[in-house]
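For reference, the structure discussed in these notes is given below.
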Amino acid sequence: MKIPKRLQPLVDDGLVDQVISQLMSGKEATVYMVQCGQEIRCAKVYKEANQRSFKKAAQYQEGRKSRNSRRARAMEKGSKYGRDQQESAWQHAEVDALFTLADANVRVPTPYGCFDGVLLMELITDANGDVAPRLNDVELSQAQAIRDHATVMQDIVRMLCAGLVHGDLSEFNVLVDDQGPVIIDLPQAVNAAANNNAKAMLQRDVNNMTQYYGQFAPVLLASQYAEEIWSLYEKGKLVADTQLTGHFDAPTHSADVDSVLDEIRAAFDEEQERLERIRDAAEI
Ligand SMILES: Nc1ncnc2c1ncn2[C@@H]1O[C@H](COP(=O)(O)OP(=O)(O)OP(=O)(O)O)[C@@H](O)[C@H]1O
Ligand SMILES: [Mg+2]
């Protein structure tokens, strides 16, 4: 096809030889199938900031740090230079997350880099070599749903162990190839340790996936993976190959009200004695 304007710099630099077709145009990006040497790859062209929708919301940005303080100050000030830097940080967030996750053995498309606002990555294909369908478009047997749900839960654990929460995980952001689920669409991934919304986002991600697979395997609907994963993470006990059970026993011991009251009484008595000493001293 005719080369889209935003892909021209990659063609000029020899990163892309030909643009084969447009796969889709979404809220955040337009995605193309491109020829790079012998390989067919996927090119995700980010829309300009003013054409994008929700993902730049502050709750996702919290805890993201710029590695460069001049850049960080410019981004805070909102100057043209600052906005450009912010745009570039946004565009690189997805490729950074993909490199981190590929290293952590999470099934994601292999990234090749982000150039001029275009992410080049592996094209996920099905057994026939066609572009892989989204999970939303796949009919699953109960056994497949249980197996793929377990794979996604393990991927979520590995992601968290690598410090990230996807933040927008759903049947629309998972592709299915002959090996199983492949997680995509990560520009909004949040830093688990530095973002106060991380727990809520993890719960939403886990529950979205469980609800979806639960349509094919209702037995999944009673599971409590989000609580189990977060509680192990908080205790520092979550590792990449943690064997999850899907069960979570909420802490049952009730608060020890008596000893709290004893502490309050003791503090009150101590304060009374202190005031008495002050009064005595004043009377002398
Ligand atoms: N690596 C890939 N291999 C094959 N298809 C892909 C790949 N990456 C993206 N796609 C296709 O492009 C679509 C959009 O990609 P993605 O979800 O990353 O972008 P988006 O603009 O955030 O989309 P949306 O707004 O629909 O969430 C995917 O649903 C999928 O069909
Ligand atoms: Mg998407």
### Query
Any number yet on Rg/Rh for segment 96-181, C-alpha, Kirkwood?
0.97
### Message
Cut-off 15 Å, label point 7 angstrom out along Cα-to-Cβ of residue 151: give me the residues of segment 205-247 whose amide nitrogen falls inside.
### Response
213
### Query
If you line up the Cα atoms of segment 82-134 on their principal axes, what length do they span on each, largest first, in Å?
45, 23, 18
### Gain in span if fully extended, residue 282 to residue 222, counting 0.36 nm per residue against the direct Cα distance
14.8 nm
## Note on the structure
Note, segment 157-174: 3J(HN,Hα) by Karplus (6.51, -1.76, 1.60, θ = phi - 60°), whole Hz, Gly/Pro = x, goes 5, 4, 4, 5, 5, 8, x, 10, 10, 4, x, 8, 7, 6, 5, 8, 10, 10
### Query
Which ³J(HN,Hα) values in Hz, rounded to whole numbers, follow from the phi angles of segment 273-284 under the Karplus curve 6.51 cos²θ - 1.76 cosθ + 1.60, where θ = phi - 60° and Gly and Pro get x?
4, 4, 5, 4, 4, 5, 4, 4, 4, 5, 6, 5
## Note on the structure
Stretched fully, the stretch from residue 245 through residue 261 gains (0.36 nm per residue minus C-alpha distance, one decimal, in nm) 1.9 nm
### Query
Computed over the Cα atoms of segment 66-210, what is the ratio Rg over Rh, Rh following Kirkwood?
1.02
### Message
One quarter of the convex hull surface, Cα atoms only: what value does that give for the chain in nm²?
### Response
23.1
### Backbone HN-Hα couplings from phi across segment 113-130 [Karplus 6.51/-1.76/1.60, Hz, Gly and Pro as x]
x, 10, 10, 6, x, 10, 8, 9, 8, 4, 8, 7, 10, 8, 4, 8, x, 7
### Query
In terms of modelled amide H atoms, which long-range or inter-chain residues lie less than 5 Å from the amide H of residue 36?
17, 41
### Message
If amide hydrogens are placed 1.01 Å from N in the peptide plane, which non-local residues have theirs closer than 5 Å to the one on residue 192?
### Response
164, 165
### Message
Once the convex hull of the alpha carbons of segment 171-262 is built, what does its volume come to per residue, in cubic angstrom?
### Response
155
### Task
Between residue 35 and residue 8, with labels modelled 7 Å along Cα→Cβ, what's the label distance in nm to one decimal, could you check?
2.1
### Task
For residue 29, enumerate residues with amide H under 5 Å from its amide H, sequence gap 5+ or separate chain, H modeled in the peptide plane.
47
### Set of segment 19-46 residues, backbone N closer than 18 Å to the point 7 Å along the Cα-Cβ line of residue 99
44
### Task
Report the FRET efficiency, 1/(1 + (r/R0)^6), for residue 127 and residue 252, where r is their Cβ-Cβ distance and R0 is 45 Å, rounded to 0.05.
0.40
### residue 40 - accessible surface, heavy atoms, 1.4 Å probe, Å² rounded to 10
80
### Task
Evaluate the charge dipole of the chain about its Cα centre and quote only its size in Debye, nearest 20, assuming +1 on the Cβ of each Lys and Arg and -1 on the Cβ of each Asp and Glu.
1540
#### Entry: Mean ellipticity per residue at 222 nm, deg cm²/dmol - from DSSP H runs of n ≥ 4 across the chain, formula -39500 (n - 2.57)
-13500 deg cm²/dmol
### Query
What's the FRET efficiency of residue 48 with residue 24 using the Cβ-Cβ distance as r and R₀ = 22 Å, to the nearest 0.05?
0.80
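The values are calculated or read from the model by the stated rules, or taken from the named source; none is laboratory data. None of the values given here were measured: they were computed from a predicted structure. Every residue, glycine as well, gets a Cβ built from its backbone with ideal geometry; the counts of neighbours run over all protein chains shown. For accessibility, only protein heavy atoms count, side chains too; no ligands or nucleic acids. Shrake-Rupley method; radii C 1.70, N 1.55, O 1.52, S 1.80 Å.
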